[in-house]
Each structure stands twice: as structure tokens, then as C-alpha cells.
1. Just rank V127, V18, fewest to most, by other beta-carbon atoms within 10 angstrom.
2. For the modelled label position 7 Å from the Cα of R79 along Cα-to-Cβ, which residues of the range 90-134 have backbone nitrogen atoms closer than 17 Å?
3. Mind giving me the FRET efficiency for H105 and Q27? R0 is 45 Å, r the Cβ-Cβ distance, nearest 0.05 is fine.
4. Determine the gain in length on full extension of the stretch F206-R86; use 0.36 nm per residue of separation and subtract their C-alpha separation, reporting nm with one decimal.
5. Can you put Y232, Y45, Y88 in order of Cβ neighbours within 10 angstrom, beginning with the fewest?
6. Between R57 and A7, what is 0.36 nm times their sequence separation minus the Cα-Cα distance? Round to one decimal in nm.
7. Under a Cβ-Cβ cut-off of 14 Å, what is the net charge of the residues other than E123 that fall near it, where Lys and Arg count +1 and Asp and Glu count -1?
8. Going by how many other beta carbons lie within 10 Å of each one, how would you line up K234, K228, K252, fewest first?
Amino acid sequence: MNTLKTAFFLGLLSALIVAIGGTFGGQRGMILALGIAAAMNFFSYWFSDRIVLALHRAQPVSREQAPRLFEILERLTARAGLPMPRVYVLPEDAPNAFATGRDPHHAAVAVTQGLMRLLSAEELEGVLAHELAHVRNRDILISSVAATLAAAIMVIAHMARWAAFFGGTSRDDRDGMNPIALLATAILAPIAATLIQLAVSRSREFQADASGAEMTRNPYGLANALQKLEDYGKRIPMSTAGPASNHLFIVKPFTGQALLSLFSSHPPIPERIRRLLGR
């Protein structure tokens, strides 16, 4: 099912890119955008994990550098029958975590420095089990691909928006160029990409919570961790987060930009805790 979802969202995000190209450059623009979309689909499928990790300045760590992290991950992967993922740390004070990769054999788990400082061993186990649940449920590919393509759409739309403001196009109204349509496309495309990501995210978070609690046999560890992440995350902005990759994280990162709260990529934390504890 997740393979079909990945193909569907790849096609939908690619169609957005082609639409932007058609608005900006007519038929030639559509052909160019189609080539760009094809290249992006290839690279996002094979290299989305590396792109996402680089986007957040994630650094690989060894067992010697993060013994508690490795100990918990090895115990959980053995219990879940999963290969050991690559382990990364983000240089962020905000407590958060995400998993990425195209399949369990190419998975990576990344946590922030703030998360390791804040959580107890039981709570950290709950968070890591949640991320490994994403790996086992094979929904890390679609989230990584969506992050890569949505980021590209936002960059292209941003360029088109400035072109509309400054008249950076060779076409005029007689040739069919409509500056209003161009500007609307540049504004609406990132919103559309964000809405697509919302469709990817919300249900899978509930499923990963349930699977993670089953993996640890202790729903209270993850529930307590979610409450802490909710409380501390609202006060500590994450410098590398943005609309393109918010959905990757276990809780929505706080970025200090009020507009982003209009599009929530995660279900409410109280509801997630309520479902975890069966209340």
C-alpha cells in the first residue's frame, strides 16, 4: 500500500512542478519542468535520506559517542526483527527525532542533542521505538520523498514569484502570459505541496505510536516523552525545520513562524497520548 502511495504522491507533486513550468514558460516550460520532475523523482527515491539528513545538518555518530542510543536501538531492532539503522545526531537544542530511508535496510534514525539531554532511558526508548515503527511499517520512503519534492516545489515557486514581481520573463500578455496566474501558481504551489504532506502524515503517526508502544511493551514511556516534547518544543525553536520536512519529526517542530501553524502535519499530542494509554 505504501508503494502505491509513494507512486501517487510522486505523480501529484511532479504534476505541480509541470504546472508551474507551464505557467512560467508555456510549452517549453512544461517540457523543461517535466525533465526536472523526472530527475527529481529519481534522486528523491534513491537519495532522499541523504538529502534530508544534509538539510538538517545531521552528523553520524558511533557507539563510543552515543552508547545509550546504540544500546536501546540494538535491543529494539533485535526485538522487532529489523536491521540496525544508521544513527545520526542533529545539532539542535529542541528535542525531536525522525527516521528516513527507502526501506529497512537503508534506514537512518536521527535525534537532536536536546532530545538526548531531556529524556530518561524509558522515554528515549519510546521515541526510538516510534521511529523504528515507521521503518517497520515502511512509511519512511514516502515521507522522505515528499519532503524532498515539496522543498523543490517551494524553491521553484519562490523563484517564479520573484520573476512575476520583477518581470523576469520574456513572454508578454499577447503570448498568453498572465502575471496574475503566474503569481497565483507561485503562491498556491507550496500550499498544495504542504496539503499533500498532511495527507501523508497524520494517520501514520497514530499507527507508529501504537506499534512503538507494542515494541517496548510500555506505552507510558512514549506517552511521557510526547508530553515532554510538547512542553519543551513550544519554547525552543528548531533552526533547520521548515514546511517541507516538518512531517518527518515525531512532533511538529517549533520554528517561531505563526503562519506554519495553519497547516499541522501532526495530530494533537493530547489525542496521541489518550490513544496510547487507552483513555
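1. Values: V127 26, V18 18.
Sorted ascending by nearby Cβ count, the order is V18, V127.
2. From the range 90-134, the list is 120-134.
3. Details: r = 42 Å, r/R0 = 0.94.
So, using R0 = 45 Å, E works out to roughly 0.60.
4. Result: 40.8 nm gained on full extension.
5. Values: Y232 19, Y45 15, Y88 23.
Ranking Y232, Y45, Y88 by Cβ neighbours within 10 Å, fewest first, gives Y45, Y232, Y88.
6. Details: separation 50, 0.36 × 50 = 18.00 nm, distance 2.79 nm.
Difference between extended and current length: 15.2 nm.
7. Details: positive: R68, R117, K228; negative: E122, E125, E131, D209, E230, D231.
Computed value for this residue: -3.
8. Working: K234 11, K228 18, K252 24.
Lowest count first: K234, K228, K252.
FYI, it's all coordinate maths here, none of it is from the lab. Everything numeric in this text was worked out from a predicted model, so none of it was measured. For neighbour counting, all protein chains shown are included, and Cβ atoms are generated from backbone atoms with ideal geometry for every residue, glycine included.
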